[in-house]
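The values are calculated or read from the model by the stated rules, or taken from the named source; none is laboratory data. What you see is a predicted model; the values in this text were computed from it and never measured. Cβ: placed from backbone, ideal geometry, glycine included. Neighbour counts: every protein chain shown.
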Amino acid sequence: MIYPGVDLQKIPFDTDKSSQKSPFKILFVGGDFERKGGYDLVKVFLEKFFDRSELHIVTQTPIEVSHPNIHIYKNIKAYTPEWLHLYHQADVFVMPTYAEPFGWVFLEAMAAKLPIVATHITAIPEMVAHGENGLLIEPGDRIALAQSIDYLIQNREIGRKMGEKGRTLVEQKFNAETHFQRLEKIFREAISTSNLTSNSPDLQFSKNGVL
């Protein structure tokens, strides 16, 4: 299987990421705020973590919440300097989603060397290994969500190591450049064994398709 790949050149990781930054910064990125568990995260944050961490939210959903430690960003485009800054300053990426076809944002967060807190649904466990590069909970389990965040606050060095493992996993398994090379090899092998070999002009490949 060839998974979707991330262009790692667009997400350079922060080699100076500290394991003891204060306050602890939680990042959520998701357009459909309710489906992606955003309200669960806000509720848990206001109950448990408002006085010892910050919550940074990137979403298009209008959110009626006001707190000095909750920061909401509505018009940030992916891979811009402001977008990258949010990932580089964060200590953990949290998205306790209820439904997710794949979960591209998890790969982007892993590429930025962030530990992940997510839900054990669909393809997410193929990206996030519980206890290795993140923590997995069941959708809607706010107690487990709070426990997972608290664990990473109390064990920042473990979180940093999880982030390192996440970046390594993306480089090995979800790397767009590597996937392009594998696909090119597959296509060339298929062409070489088909009737196209003698009757078709030489095909050139690019990341945007066949030239």
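Does the stretch 43-60 hold any residues that are part of a helix (DSSP H, G or I) and charged (D, E, K, R), and which are they? First the steps, then the outcome.
Step one: filter the stretch 43-60 for residues part of a helix (DSSP H, G or I), giving 43-49.
Once the filter is applied, which keeps residues that are part of a helix (DSSP H, G or I) and charged (D, E, K, R), the stretch 43-60 yields Lys43, Glu47, Lys48.
Scanning for something among the small types (Gly, Ala, Ser), in the same structural domain as Asp141 (by TED's automatic domain parsing), at pLDDT 95 or above and touching a Leu at 6+ places or on another chain (Cβ under 9 Å), does the stretch 31-44 turn up at least one residue?
Applying the first criterion (among the small types (Gly, Ala, Ser)) to the stretch 31-44 yields 31, 37-38.
With in the same structural domain as Asp141 (by TED's automatic domain parsing) added as a condition, the list becomes 31, 37-38.
Checking the rest, the ones that are also at pLDDT 95 or above come to 37-38.
If we keep only those that are touching a Leu at 6+ places or on another chain (Cβ under 9 Å) too, we end up with 37.
Taking every residue of the stretch 31-44 in turn, at least one turns out to be among the small types (Gly, Ala, Ser), in the same structural domain as Asp141 (by TED's automatic domain parsing), at pLDDT 95 or above and touching a Leu at 6+ places or on another chain (Cβ under 9 Å).
Looking only at helices (runs of 4 or more DSSP H) that lie completely in the stretch 67-172, which have at least 3 residues being within 15 Å of Leu27 (Cα to Cα), under 16 Å from the mean Cα position of the chain (by Cα) and in the same structural domain as Val44 (by TED's automatic domain parsing)?
Details: elements: 81-89, 104-111, 124-127, 142-154.
Once the helices (runs of 4 or more DSSP H) in the stretch 67-172 are filtered for at least 3 residues that are within 15 Å of Leu27 (Cα to Cα), under 16 Å from the mean Cα position of the chain (by Cα) and in the same structural domain as Val44 (by TED's automatic domain parsing), what remains is 81-89, 104-111.
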